[in-house]
Amino acid sequence: MAKFCTNCGAELKEGADVCVKCGKLINESGSKAGDYNDNGVINRAKLKEAAKSKLNNNLWNLLIPMLIVALIGFVGGVISGIFGEDSLAGAVVSILVELATLPISVGVIYYYLNFIRGKSYSLNDLIKYYSKFLPIFAISMLVGIFTFLWTLLFIIPGIIAAISYSMVYYIVADNPDIDVMEAIKESKRLTNGYKGDLFVFMLSFIGWYLLVGITFGIAIIYVGPYVSVSQAMYYEELKKIKG
């Protein structure tokens, strides 16, 4: 059955005939079935298989953004090493590199979203969000602080918080002018009722990450784009379900 009412967005109770919030019949207002969800229940296996098929003849195009980010990190690491990683100058370089890649990380997400939506995409997408550096930085800081505070209570609340905020950069990629706190609230709204499912979805890639380790990083050429496409498609399904 549907998990959320598309009329008001409230979570539907198991076995209920109507939405307790707005009173609509569930069979009239249940979440619409999508390509990879059946009335709000996401078919993770089907979604991941579709993600694999999207890599055909597109692997190189999907790998380039990751290589660019990795190259920036590598150059930053070399410069930091020259100064000495334990030195003040080395630490400053590392921080600057992390800050510089924040907008690019959102740009990479935008690149992947355009790809799975069948829209045009280019490397220019990667620099699209530099004009939004301050709000992206603020979101990064707040998410880090909130997650840390929840982790202080215990590891599990910290994991739940991290999952709750996991869609924030996708939301920013879709809405560059969104308010900082609104982006965080929207991520919580999208993941509400799906934290457990999203956690299982993330765990399902462990075997692929082990493959990367076994191959000394070579498998990341395939695993990186595959995971990124899958995550972008999961976000799309949440948007369809939640509206």
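Can you find a residue that is modelled with pLDDT of 95 or more and not in a helix (DSSP H, G or I) anywhere in region 205-214?
yes
Being closer than 16 Å to Met202 by Cα, touching a residue at least 12 places away in the same chain (Cβ under 8 Å) and of a type outside the set (S, T, N, Q) is the filter here; which residues of region 127-167 pass it?
Ile159, Ile160, Ala161, Ala162, Ile163, Tyr165, Met167
Has region 112-130 got any residue that is of a type in the set (Phe, Trp, Tyr), part of a helix (DSSP H, G or I) and buried (at least 17 other Cβ atoms within 10 Å of the Cβ)?
Within region 112-130 (the criterion being of a type in the set (Phe, Trp, Tyr), part of a helix (DSSP H, G or I) and buried (at least 17 other Cβ atoms within 10 Å of the Cβ)), the answer is yes, since at least one residue qualifies.
With the structure loaded, tell me whether Ile178 is among the hydrophobic types (A, V, I, L, M, F, W, C) and either in contact with a Ser or Thr (Cβ under 8 Å, 6 or more places away or on another chain) or over 18 Å from Val227 (Cα atoms) (or both) or whether it fails that test.
yes
Select, from Leu190, Leu210, Leu238, the only residue that is aliphatic (A, V, I, L, M) and in contact with a Lys or Arg (Cβ under 6 Å, 6 or more places away or on another chain).
Among Leu190, Leu210, Leu238, only Leu190 is aliphatic (A, V, I, L, M) and in contact with a Lys or Arg (Cβ under 6 Å, 6 or more places away or on another chain).
Of the conditions (1) on the phi < 0 side of the Ramachandran plot; (2) in contact with an Asp or Glu (Cβ under 8 Å, 6 or more places away or on another chain), Tyr169 clears all except one; give me its number.
The one condition Tyr169 does not meet is (2).
Within region 170-203, restricting attention to residues that are among the acidic types (Asp, Glu) and farther than 15 Å from Tyr129 by Cα, which residue is farthest from the chain's Cα centre (by Cα)?
Of everything passing the filter in region 170-203, Glu182 is farthest from the chain's Cα centre (by Cα).
For region 195-220, which residues satisfy the criterion of being surrounded by 10 or more Cβ atoms within 10 Å (Cβ to Cβ) and of a type in the set (Phe, Trp, Tyr)?
Phe199, Phe201, Phe205, Trp208, Tyr209
The values are calculated or read from the model by the stated rules, or taken from the named source; none is laboratory data. The model shown is predicted, which means the values in this text are computed figures rather than measured ones. Here the Cβ is made from the backbone with ideal geometry for all residues, glycine too, and neighbour counts use every protein chain on show.
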